[in-house]
Structures are given as structure tokens and as C-alpha cells.
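Structure first, then comments.
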Amino acid sequence: MNGSPRRSPRRHTVRCLTVVGVALFPIAVASPAAAEPSEDEVRERIEELQEEFSELNATYNTAVEDHEAAETRLSDLEEEIDELEDRVEGLRSSVRSVANAAYTGMDTGSPIYLIGTDDPEAVMDNSADLGYLSASRSEALEEYLDERDSLDALHEEAESTEEQAADDLEAAEEARDEGEARIEEQEELLAELTPEEQAEAVGNDGDSGGGDSGGSPPSYDGSASGDARAALDFAYAQIGKSYCWGGTGPNCYDCSGLTSGAWGAAGVSLPRTAAAQFGAGQRVSWDNLQPGDLMFFYNASAPSHVGLYAGDGKMVHAPNSSRPVVEDSVAGHYQSSFVGAVRP
């Protein structure tokens, strides 16, 4: 006989189950816990969210401008339609008289008679019949037809414009909702950082105080003069006031609303959006910045964020809906996102 011990069926079964268990559940045995993001990764994501928010704000402002333009055009069209309808109605009465006069005295072989007697106005829809009438009557009919065509075109344009206005408003609301979602994510990430790390992540190296936070806003004490001084005085007076979507003051602002208000206080009119303001003056490099210059960020072809340079490495701006109007350092995140400056 062979001297090897005989393996029992029970032990063999247990061993097989053990092997199967290891094969089926390797992750449960060997999988490590998911790594927490590092502080640098958190700060990087916060910076990405700030940029995404600014882009959505730019989309919102453009959509709002388009909506307002469509609403203005719609109002103008409605006035034009009212005036033209009155004119067409007057012409219609004249045309009916012309058609009736032509109908009542004609022989049964005339073109107008053949059109039918139930609706003498139908004469004007048949251009061949215009030659049957006198030249002056033909002109009256032609004028009516032209005006009626114009009225139809205005009605079509008004309908299209109203639809466009609704689409623009919907686009603005979607951009605002997406932007607020970015801010919620940012606030969750910031909660994981120390106060010092939070300040560094959002570019704020101190409490600027003022406005809605309960204290008086700081006054500008830099070297600017003239129009730049007036713009900075205005901007600093807004520090602490709330951010709001599309805000142009006086109680709340968005980034371009603040800069347009600031330079407006100096008598200089700026376009409404950051991208449009980028083309509203002399371009300035980072090394040649002066107090009062507009600083732009994130997109070199169409910047989505703008602030007012205050000198000494500072700017005053309206960052996003999680922070009020504030004085911030332009070092770090903002310097890396800088795409140009303009001197109005």
C-alpha cells in the first residue's frame, strides 16, 4: 500500500471553498481605502471652480443682454404693428370702395365680375385685375398689398423675437443654476481647509471688512489721481456689499457691474460685460499696471472676470456669490490666471 495519508472529503471541500472565496472576493481582502485629496489638489479644484463660475457668469450676462435686446425689439415691433394695422385698416376701407365701385358698373364679361360677387375685396389678391382699373386705383391696391405683406412680416418677426427672448432667459437661468452648483462644491472643499488655507485658496489675505458685514468699508489710500482715483474711491465704498448675478448696484454687484459702476463714477462709460470691457481702452501689461487699471482673467480671447487694480499687489472686485465685494491680493491664483489689463 501507498504510505501517503488519504485526504478526507471534508478537508478537500473546505479547501476548495477557501480557494473559491479568495478568487471571488480579492478586493475585500486586498483593496486599500480611497486616498483623501491633498491640500494642493483641493486648492487646485477650488481654482477650477472659480474659473468655471466666472465663465458661467459671463454666459449669464450675455444671455441677459440678449434677452433685454430681444424684449426691446419686441416692444418696438409691437408699436410698429399697431401703427401698420391702423394704416392697413384704412387702406382696406379704400380698397373695398374701389372694388365695389369697379364691380357695380361692369359688364358680366369683365375680369372683376368673374372674380365673384361675395367678396369684392378679393379683387386685390389677383394682380391680373389691377390692369382693369384706372392707374390711380391700381396704385391704391398695390399699396395695400405691400403694406399687408409688411404687416405679415412684422408679425413673423415678433413671434420669432419673442421665442428668442424666452430662449435667452432660459439660458441665463441655466447658467446661474450651474454657477451656484460650482459655489456649493467650492464651499464644501473650503470647509476642509484651515482659515489660512481658505484665504490662500480664494486669493484673500485678510479681512477687508465693511459694507454688509457690519463695519465701514475701507477708503482707498493709494496713489491714484484723477479719473482713476474717482473710480477706486467708488469701488472701495462698495466693499462688503453682496455679490449678485447681473448686479450693477447700488446694493449688490457682479464683477463687471462693479467696474462699470466705478469708472462710471469717474464719467467714463464702459460696456456691461467683462469680455466687452477688455476692448474698452489701452492694453497694459502686468509689469506696467497702475491703480485704476482693469485686470482681466481666465480667457485671453473673451475674459470672464474683471477687477480694478488698486496698487501694491491688490485689486478690488466682486468675486462670486459666496463672497462680497472685497480687496484681494493679485498674487498666486489671480496672477496665474491673468490674461491682460486695460486702462480706460
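Do you know which residues across the range 288-306 are open to solvent by 40 Å² or more (accessible area, probe 1.4 Å) and modelled with pLDDT of 95 or more? Before you say what the answer is, go through the steps one by one.
We begin by selecting, within the range 288-306, every residue open to solvent by 40 Å² or more (accessible area, probe 1.4 Å); these are 288, 290, 299-302.
Within the range 288-306, Asn288, Gln290 qualify.
Output the residue which, of all residues in the range 280-317 that are assigned to a loop (DSSP other than H, G, I, E, B) and under 16 Å from Ala228 (Cβ atoms), is nearest to the chain's Cα centre (by Cα). Outline the logic, then answer.
In the first step, residues of the range 280-317 are kept if they are assigned to a loop (DSSP other than H, G, I, E, B); the result is 280-281, 285, 289-293, 298-304, 312-313.
From what's left, under 16 Å from Ala228 (Cβ atoms): 280-281, 289-293, 312.
Numbers: Ala280: 19, Gly281: 23, Leu289: 28, Gln290: 30, Pro291: 28, Gly292: 26, Asp293: 24, Asp312: 32 Å.
Per the criteria, the residue is Ala280.
In the range 211-222, is there at least one residue being closer than 29 Å to Glu48 by Cβ, modelled with pLDDT of 95 or more and not β-branched (Val, Ile, Thr)?
The initial filter retains those residues of the range 211-222 that are closer than 29 Å to Glu48 by Cβ, namely 211-213.
From what is left, the residues that are modelled with pLDDT of 95 or more are none.
No; the residues of the range 211-222 include none that is closer than 29 Å to Glu48 by Cβ, modelled with pLDDT of 95 or more and not β-branched (Val, Ile, Thr).
If Arg272 passes every condition in (1) closer than 20 Å to Ala63 by Cα; (2) charged (D, E, K, R); (3) modelled with pLDDT of 95 or more but one, which one does it miss?
(3)
Considering only the range 281-292, I want to know if a residue exists there that is in contact (Cβ under 8 Å) with a residue 12 or more places away in the chain, within 28 Å of Ala175 (Cβ to Cβ) and in contact with a helix residue (DSSP H, G or I) (Cβ under 8 Å, 6 or more places away or on another chain).
no
Residue by residue through the range 236-250, note down the ones that are in contact with a Cys (Cβ under 7 Å, 6 or more places away or on another chain) and in a strand (DSSP E or B). Before the answer, list the steps.
As a first pass, look at the range 236-250 and keep what is in contact with a Cys (Cβ under 7 Å, 6 or more places away or on another chain): 241-244.
Selection gives Ser242, Tyr243.
Could you list, in sequence order, the residues of the range 251-279 that are open to solvent by 30 Å² or more (accessible area, probe 1.4 Å), more than 20 Å from Asp66 (Cα to Cα) and either part of a loop (DSSP other than H, G, I, E, B) or hydroxyl-bearing (Ser, Thr, Tyr) (or both)?
Residues of the range 251-279 open to solvent by 30 Å² or more (accessible area, probe 1.4 Å): 251-252, 264-265, 267-269, 271-272, 275-276, 279.
Filter once more, so that each one left must be more than 20 Å from Asp66 (Cα to Cα): 251-252, 264-265, 267-268.
Matches in the range 251-279: Asn251, Gly267, Val268.
Which number in (1) touching a Phe, Trp or Tyr at 6+ places or on another chain (Cβ under 6 Å); (2) under 19 Å from Glu197 (Cα atoms); (3) not in a loop (DSSP other than H, G, I, E, B) marks the one condition that Asn320 misses?
(3)
How many of the residues in the range 171-192 are over 23 Å from the mean Cα position of the chain (by Cα) and either modelled with pLDDT under 75 or in a helix (DSSP H, G or I) (or both)? Step through it out loud before you land on a result.
Kept after step one, since they are over 23 Å from the mean Cα position of the chain (by Cα), are these residues of the range 171-192: 188-192.
Filter again for either modelled with pLDDT under 75 or in a helix (DSSP H, G or I) (or both), leaving 188-190.
Total satisfying the criteria: 3.
Do we have Ala63 as open to solvent by less than 70 Å² (accessible area, probe 1.4 Å), at pLDDT 85 or above and in a helix (DSSP H, G or I) here? Outline the logic, then answer.
Values: open to solvent by less than 70 Å² (accessible area, probe 1.4 Å): yes; at pLDDT 85 or above: yes; in a helix (DSSP H, G or I): yes.
Yes.
Can you tell me which residue in the range 77-94 is least open to solvent (accessible area, probe 1.4 Å), limited to those that are free of Cβ contacts under 8 Å to residues at least 24 places away in the same chain and farther than 19 Å from Ser160 by Cα? Spell out the reasoning first.
The initial filter retains those residues of the range 77-94 that are free of Cβ contacts under 8 Å to residues at least 24 places away in the same chain, namely 79, 82-83, 86, 89-90, 93.
Remaining after also requiring farther than 19 Å from Ser160 by Cα: 83, 86, 89-90, 93.
Working: Glu83: 129, Asp86: 113, Glu89: 93, Gly90: 40, Ser93: 62 Å².
If we take residues in the range 77-94 being free of Cβ contacts under 8 Å to residues at least 24 places away in the same chain and farther than 19 Å from Ser160 by Cα, then Gly90 is least open to solvent (accessible area, probe 1.4 Å).
The values are calculated or read from the model by the stated rules, or taken from the named source; none is laboratory data. If you're wondering where the values come from, they're calculated on a predicted model, not measured in any experiment. Here Cβ is always computed from backbone atoms with ideal geometry, including for glycine, and neighbour counts include all displayed protein chains. For the accessible areas, the whole protein counts, side chains as well, though only heavy atoms, and no ligand, DNA or RNA atoms are used. Shrake-Rupley method; radii C 1.70, N 1.55, O 1.52, S 1.80 Å.
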